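Computed from the coordinates by the stated procedures, all read-outs in this text should not be read as laboratory data. No experiment lies behind these values; they were computed from the predicted model shown. Positions of Cβ are backbone-derived with ideal geometry, glycine not excepted, and every protein chain shown enters the neighbour counts.
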Amino acid sequence: MALLQLIYVSTLAAGTSEAEIVQILETSVRRNTAVGITGMLLFAQGNFMQVLEGERGAVEETYARIVRDPRHDWVLEIDRWEVELRDFLRWSMGYRHLSADELARVPSAELFLHVRDPLVIRARPGLALDLLRDFAANNL
């Protein structure tokens with residue numbers, strides 16, 4: 001059975017504190033576990049990048065809820081595709097808050113500087129997935 005993998009970027013909405021990310025994570029882990037979604041969430045400089053993977057309906061429903069969530073601003077789907085195997089099987093929602101040093105050290109993390117520019121974000125297909133995989137596999 002094919003699974004859906006979906007990657008998006010968004011900005012933390014004005015008036016939303018970084019402390020609320022903990023609440024987002026707790027809710028995500030609970031909901032994702034219940035519907036069989038796995039994935040990874042990166043946060044840096046007020047921006048999110050997330051990959052969701054699981055059965056198509058569950059992923060699409062979860063993404064639609066994220067788009068409607070007032071704590072997310074300017075949500076942009078980067079890509080979606082079918083996969084046979086999960087890349088993020090260990091996490092109902094892996095999470096990493098990237099520091100400025102990590103952003104400088106990992107060249108592909110530059111994507112966080114351009115989340116509101118769809119041309120830049122989509123110009124290098126696969127870069128976002130590679131970045132998410134690197135942080136998941138190597139705990140960079």
Just to be sure I understand the model, the point goes 7 Å from the Cα along the line to the Cβ. What's the resulting Ala64 to Glu77 distance in nm?
1.1
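Which order, highest average first, do 53-62, 104-113 follow once you tally other Cβ atoms within 10 Å for each residue and take the mean per peptide?
On the way: 53-62: 17.7, 104-113: 15.2.
Peptide ranking by packing, descending: 53-62, 104-113.
Restricting to Cα pairs below 8 Å that are 6+ residues apart, what does the relative contact order work out to for the chain? Please round to a whole percent. Don't jump to the answer; show the numbers that get you there.
Numbers: 227 pairs, mean separation 49.2, N = 140.
The value is 35 percent.
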Given H placed 1.01 Å from N in the peptide plane, which residues other than close sequence neighbours of Ala13 have an amide H under 5 Å from its amide H?
His72, Asp73
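Rounded to the nearest 500, what is the chain's calculated 222 nm mean residue ellipticity when only DSSP H runs of at least 4 contribute -39500 (n - 2.57) each, over all residues?
Numbers: 5 runs with 53 residues, N = 140.
For the chain, the value works out to -11500 deg cm²/dmol.
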